[in-house]
Structures are given as structure tokens and as C-alpha cells.
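Notes follow the structure.
The values are calculated or read from the model by the stated rules, or taken from the named source; none is laboratory data. Values in this document were obtained by computation on a predicted structure and should not be read as measured data. A quick note on method: Cβ atoms are made from the backbone with ideal geometry, for glycine too, and the neighbour counts reach across all protein chains shown. For accessibility, only protein heavy atoms count, side chains too; no ligands or nucleic acids. Shrake-Rupley method; radii C 1.70, N 1.55, O 1.52, S 1.80 Å.
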Amino acid sequence: MDIRRIVLDNLKNRSKDEIKGFIQDAVDTKEENAIPGLGIIFEAAWEKMNDVEKNNMMDYVMRGIS
């Protein structure tokens with residue numbers, strides 16, 4: 001079973017609002033079973049970012065963990 005493919009296939013063709021809702025729900029409920037899905041979303045986005053976007057993301061990450 002390829003969990004990455006399953007998560008990405010489940011999110012494909014969803015609207016931006018639907019995906020935002022998924023992320024917000026995972027953050028609000030703090031359900032641990034949502035963590036892998038969030039990681040896969042982050043990984044997929046990271047792979048498509050250029051160096052400037054990655055640097056900006058790292059600013060957000062560092063702000064979030066400080």
C-alpha cells in the first residue's frame with residue numbers, strides 16, 4: 001500500500017477550500033492519525049517549490065516552532 005498515493009489521490013480534484021478544511025480540521029482536532037496526511041501534503045508542496053519558496057516556507061516553519 002502506497003500511503004502517499006492514497007492521500008494524494010483522495011485530495012486530487014478537491015477545491016482549495018476543501019483541502020484547507022482538511023488541514024484546519026486536522027490542526028483543530030489534533031488527531032494523530034491526520035499527521036501522516038499533513039506530512040504528505042507538505043512533502044508534495046515542498047517538492048514543487050523553488051529555492052525562494054522553500055526559504056519562505058522555512059521562515060513560516062521556524063516561526064511556528066519558536
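Scanning region 26-49 for residues that are open to solvent by 90 Å² or more (accessible area, probe 1.4 Å), within 20 Å of Val61 (Cα to Cα) and in a helix (DSSP H, G or I) gives Asp28, Glu32, Ile35, Glu47, Lys48. Restricting attention to region 50-63 and to residues that are open to solvent by 60 Å² or more (accessible area, probe 1.4 Å) and either closer than 24 Å to Ile3 by Cβ or among the hydrophobic types (A, V, I, L, M, F, W, C) (or both), the residue that is nearest to the chain's Cα centre (by Cα) turns out to be Met58. Among the residues of region 9-25, which ones are within 10 Å of the chain's Cα centre (by Cα) and either in a loop (DSSP other than H, G, I, E, B) or farther than 18 Å from Met57 by Cβ (or both)? Within region 9-25, Phe22 is the sole residue that qualifies.
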